[in-house]
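FYI, it's all coordinate maths here, none of it is from the lab. Since the model is a prediction, treat every value here as computed from it, not as a measurement. When we count neighbours, we look across all protein chains shown, and the Cβ atoms used for this are built from the backbone with ideal geometry, even at glycine.
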Amino acid sequence: MSEQIYVGADHAGFQLKQRLVDELRRLGYEPVDVGPKTLDAADDFPDYGRPVAQAVSTGKARRGVLTCGTGLGMSYVANRFPHVRAALVWSPEVAELARKHNDANVLVLPARFVSEEEGLDILHKWLDTAFEGGRHERRVAKIDA
């Protein structure tokens, strides 16, 4: 079975989420799309950030992906859950460092500030980068202490 990655968005991140879900599927992952399923301006980030963060927090999923207009709302919601390290990422370089140094297990993309192609490049870098461990393990352990 391929890795399940939970994915969610609000109204502002809906289009980007659709592309990310398709790309995850194309790469052989099993995206679990928590919604929204259709574009609705009334969709709020907490309603879709919570189920993704809950899945990662409880170990139901190793990783999750969230998107909203700025990425800030989704990161606020996700980082309230134990063991979630949600990183707001706007470039492949930041995605790489979020994984290498912080073992980010939730990727948050600012849909109003990255193009769909940039979002896909960021997703690829985040998926392909491993946690470096070493001196960073001590720091990451302090997050949930």
What number of residues within region 72-117 are touching a His at 6+ places or on another chain (Cβ under 9 Å) and either assigned to a loop (DSSP other than H, G, I, E, B) or among the polar types (S, T, N, Q) (or both)?
3
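Name the single residue that is surrounded by the fewest Cβ atoms within 10 Å (Cβ to Cβ) among those in region 113-145 being among the β-branched types (Val, Ile, Thr) and under 28 Å from Gln18 (Cβ atoms). Before the answer, list the steps.
The initial filter retains those residues of region 113-145 that are among the β-branched types (Val, Ile, Thr), namely 114, 122, 129, 140, 143.
With under 28 Å from Gln18 (Cβ atoms) added as a condition, the list becomes 114, 122, 129.
Numbers: Val114: 19, Ile122: 24, Thr129: 16.
Across region 113-145, the extreme among qualifying residues is Thr129.
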Is at least one residue of region 12-28 surrounded by 17 or more Cβ atoms within 10 Å (Cβ to Cβ), of a type in the set (Gly, Ala, Ser) and not in a loop (DSSP other than H, G, I, E, B)?
no
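Just to verify a result, which residue in region 1-11, among those that are surrounded by 18 or more Cβ atoms within 10 Å (Cβ to Cβ) and of a type in the set (A, V, I, L, M, F, W, C), is nearest to Thr58 (Cα to Cα)? Write out each step before concluding.
Step one: list which residues in region 1-11 are surrounded by 18 or more Cβ atoms within 10 Å (Cβ to Cβ), which gives 5-11.
Adding the requirement that they be of a type in the set (A, V, I, L, M, F, W, C) leaves 5, 7, 9.
On the way: Ile5: 13, Val7: 16, Ala9: 20 Å.
Filtering region 1-11 for residues that are surrounded by 18 or more Cβ atoms within 10 Å (Cβ to Cβ) and of a type in the set (A, V, I, L, M, F, W, C), the one nearest to Thr58 (Cα to Cα) comes out as Ile5.
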Would you be able to tell me the number of residues in region 91-129 that are closer than 20 Å to Ala53 by Cα and either hydrophobic (A, V, I, L, M, F, W, C) or without any contact (Cβ under 8 Å) to a residue 12 or more places away in the chain (or both)?
12
Can you name every residue in region 1-11 that is of a type in the set (S, T, N, Q) and not in a loop (DSSP other than H, G, I, E, B)?
Gln4
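Does any residue of region 41-54 turn out to be closer than 20 Å to Phe131 by Cα, surrounded by 15 or more Cβ atoms within 10 Å (Cβ to Cβ) and in contact with a helix residue (DSSP H, G or I) (Cβ under 7 Å, 6 or more places away or on another chain)? It would help to see each step written out before you state the result.
So in region 41-54, the residues closer than 20 Å to Phe131 by Cα come out as 53.
With surrounded by 15 or more Cβ atoms within 10 Å (Cβ to Cβ) added as a condition, the list becomes 53.
Then keep just the ones that are in contact with a helix residue (DSSP H, G or I) (Cβ under 7 Å, 6 or more places away or on another chain); that gives 53.
Yes.
If you check Ala104, Ala98, Ala61, which single one turns out to be surrounded by fewer than 23 Cβ atoms within 10 Å (Cβ to Cβ), within 12 Å of the chain's Cα centre (by Cα) and of a type in the set (Gly, Ala, Ser)? Before the answer, list the steps.
Working: Ala104 fails: surrounded by fewer than 23 Cβ atoms within 10 Å (Cβ to Cβ); Ala98 fails: surrounded by fewer than 23 Cβ atoms within 10 Å (Cβ to Cβ).
Within the list Ala104, Ala98, Ala61, the selection yields Ala61.
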